[in-house]
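The next block holds one structure in the form of C-alpha cells; read it before the comments.
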Amino acid sequence: MSKPLDIVILGLSITSSWGNGHATTFRALVRALSARGHNVCFLERDVPWYAEHRDLPNPPYGLTQLYKSVAELKRRFARKVMNADLCIVGSYVPDGVTIGDWVLRTCRGVKAFYDIDTPITLAKLAIGDADYVTTRLIRRYDLYLSFAGGPVLRKIEKEFGSPMARALYCSVDPKLYFPEDRTPKWDLGYMGTYSDDRQPSLDQLLIEPARRAPKLKIVVAGPMYPPELAWPANVEKIEHLPPSSHRRFYNSQRFTLNLTRADMRDAGYSPSVRIFEAAACGTPIISDYWPGLETFFELDKEILTASSAREVLTYLNDISQKDRRALGERARLRVLASHTSEQRALELESYVAEVTQTTTTTQLNTQPAGAMA
C-alpha cells in the first residue's frame, strides 16, 4: 500500500444483520481496511426494518453515517464522495441506479460496484428487473467487484461491458471466529434466512434427516420462515442470531449445514459468508455441491458434500469424533490461509492500483503526439 485511501462505501447495511448477509461482509471489510490505515466512511439508508433490528448501531471502525433520502445523501455527502480515492456502491442499495449515476458523475477517484448478490443480479438484468444497477452503469463503473468468481467474471466483462470485473469474495475475521472448547449442544445446525429456492434443500438435507432420526438434536437459525412451516420435534428454531452470537452457535454443533440459493448454485464459485465463519470455528461442514466449491475447500478432506438425507445421516452417525475434529481443523487452516478479511482488504487495494495503472496508461497512450515533449 503506497498511501492510505479515502474510501466511501454506500452499502445496504452495516448496522443491522437482520435478514441480510451484507452487514457481516461490510463489517469485516471495513474493519480490515481501517486496520490497514484507510479512512472509510460507510453511508447507509435509514430504513425502518433495519432501524428496528440494529445489532451494531455504531460500528467501532471507520465512520458510519445514516441518510433518509437521496436528496439528503447528496446534500450532506457530496464533497466526501467527490474527494474519495475510492467510492463503492453496493448491490441492493435503495435507489441504487440513481445513486450510482450520481457517484459516477461526482467522484474523482475510482468508482466501483460491489455485487454481494452477483448471480441474482445477473438473473435480474437478463429480464430487466434489477433496480439497483443497469448495464449502462456497469459499463461506466471502473471496477465490478463480484461475490462470485470463475466464468461469471468474463461474462460481466464481455456481455455487460464492465471494463474490469474482479472477485471480492466474502471473508471472515479470525479474531471473531475461532474454535471454543465446549460440549456440542446440537448434532447438526443451519443458519440462513428463509428463501423459497433454498427450502427444498433444507427439507431434504435437514428436515428429512431429523424425521428419520428423532434422537438427533438439530437447530435452524434465521428469520422470515413461514409460521405454518411444520418443524420436527427435534428441530429447535431460533428466529435471529446477531453476529456476536455466531461463534458460539457454530461451536455448539457437531456439524453445520451449508445451503446455497439456486442462482448462486447455478453460477458456481459463490461461497457464502457462513461457510467461512463455520470453517474458522473449526466446525465440520456438510454442504450442497456447486461448481467451484473444490477451489475453496478440498472435497472430503476439508468439507463434505451431500445430496440426500441418507448421506447426511451417514456423516452424522459414522464419522468418529477424532475424524470430525480433523476435518474441521483442515477447513479452518484453509480459511486462515486464503479467506480472511485482511486478505480481502489487500485484494481490494490491488484492484484499485490496477484500475489506477490502467487509467494512467490509457491516458498516456491517447495523448496527442508531442504532448509529452
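All of SER244, SER307, SER270, SER252 fail the test of being surrounded by fewer than 17 Cβ atoms within 10 Å (Cβ to Cβ), under 26 Å from HIS53 (Cβ atoms) and not acidic (Asp, Glu), apart from SER244.
Looking only at residues in the range 206-235 that are within 24 Å of SER17 (Cα to Cα) and out of contact with any Leu (no Cβ under 9 Å at 6 or more places or on another chain), which one is surrounded by the fewest Cβ atoms within 10 Å (Cβ to Cβ)? Top of the filtered list is PRO227. Scanning the range 192-217 for residues that are out of contact with any Asp or Glu (no Cβ under 6 Å at 6 or more places or on another chain) and part of a helix (DSSP H, G or I) yields a total of 13.
For LEU153, the conditions (1) in a helix (DSSP H, G or I); (2) in contact with an Asp or Glu (Cβ under 9 Å, 6 or more places away or on another chain) all hold with the exception of (2).
If you check ASP115, ASP101, ASP95, ASP129 for being among the charged types (D, E, K, R) and under 22 Å from SER34 (Cα atoms), only one passes: ASP115. For the range 1-37, name all the residues that are touching a residue at least 60 places away in the same chain (Cβ under 8 Å) and touching a strand residue (DSSP E or B) at 6+ places or on another chain (Cβ under 7 Å). Matches in the range 1-37: LEU5, ASP6, ILE7, VAL8, ILE9, LEU10, GLY11, LEU12, HIS22, PHE26, ALA28, LEU33. Scanning the range 10-38 for residues that are at positive phi and either among the hydrophobic types (A, V, I, L, M, F, W, C) or assigned to a helix (DSSP H, G or I) (or both) returns no hits.
A quick yes/no check of all residues on (1) among the small types (Gly, Ala, Ser); (2) within 24 Å of LEU299 (Cβ to Cβ); (3) assigned to a loop (DSSP other than H, G, I, E, B); (4) outside the structural domain of THR24 (by TED's automatic domain parsing):
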| site | (1), (2), (3), (4) |
| --- | --- |
| TYR190 | no, yes, no, yes |
| VAL219 | no, no, no, yes |
| PRO226 | no, no, yes, yes |
| TRP231 | no, no, yes, yes |
| SER245 | yes, no, no, yes |
| ARG254 | no, yes, no, yes |
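Every condition in (1) within 22 Å of VAL133 (Cα to Cα); (2) surrounded by 23 or more Cβ atoms within 10 Å (Cβ to Cβ) is met by VAL40 except one, and the failing one is (1). Taken together, SER146, SER162, SER252, SER244 contain a single residue that is over 30 Å from LEU33 (Cα atoms) and of a type in the set (S, T, N, Q), which is SER252. Apart from one condition, GLY192 fits all of (1) among the small types (Gly, Ala, Ser); (2) within 30 Å of THR283 (Cβ to Cβ); (3) modelled with pLDDT of 95 or more; the exception is (3). Right, ALA130: without any contact (Cβ under 8 Å) to a residue 24 or more places away in the chain, more than 26 Å from HIS339 (Cα to Cα) and touching a helix residue (DSSP H, G or I) at 6+ places or on another chain (Cβ under 6 Å) or not? Taking the combined requirement at face value, the residue satisfies it. Only one entry of THR183, THR193 meets the criterion of being over 21 Å from the mean Cα position of the chain (by Cα), under 30 Å from PRO214 (Cβ atoms) and polar (S, T, N, Q), and that entry is THR183. Here the helices (runs of 4 or more DSSP H) wholly within the range 308-373 that include at least 1 residues being in contact with a Pro (Cβ under 9 Å, 6 or more places away or on another chain), over 16 Å from THR283 (Cβ atoms) and at pLDDT 95 or above are 309-318, 341-365.
Looking across the range 260-290, the residues that are under 16 Å from the mean Cα position of the chain (by Cα) and within 22 Å of ASP318 (Cα to Cα) come down to ALA278, ALA279. Consider the range 130-154 and keep the residues that are surrounded by fewer than 18 Cβ atoms within 10 Å (Cβ to Cβ) and more than 23 Å from CYS107 (Cα to Cα). The one that is nearest to the chain's Cα centre (by Cα) is GLY150.
The values are calculated or read from the model by the stated rules, or taken from the named source; none is laboratory data. Note that this is a predicted model, so its numbers are computed, not measured. All Cβ positions, glycine included, derive from the backbone under ideal geometry; neighbour counts span all protein chains shown.
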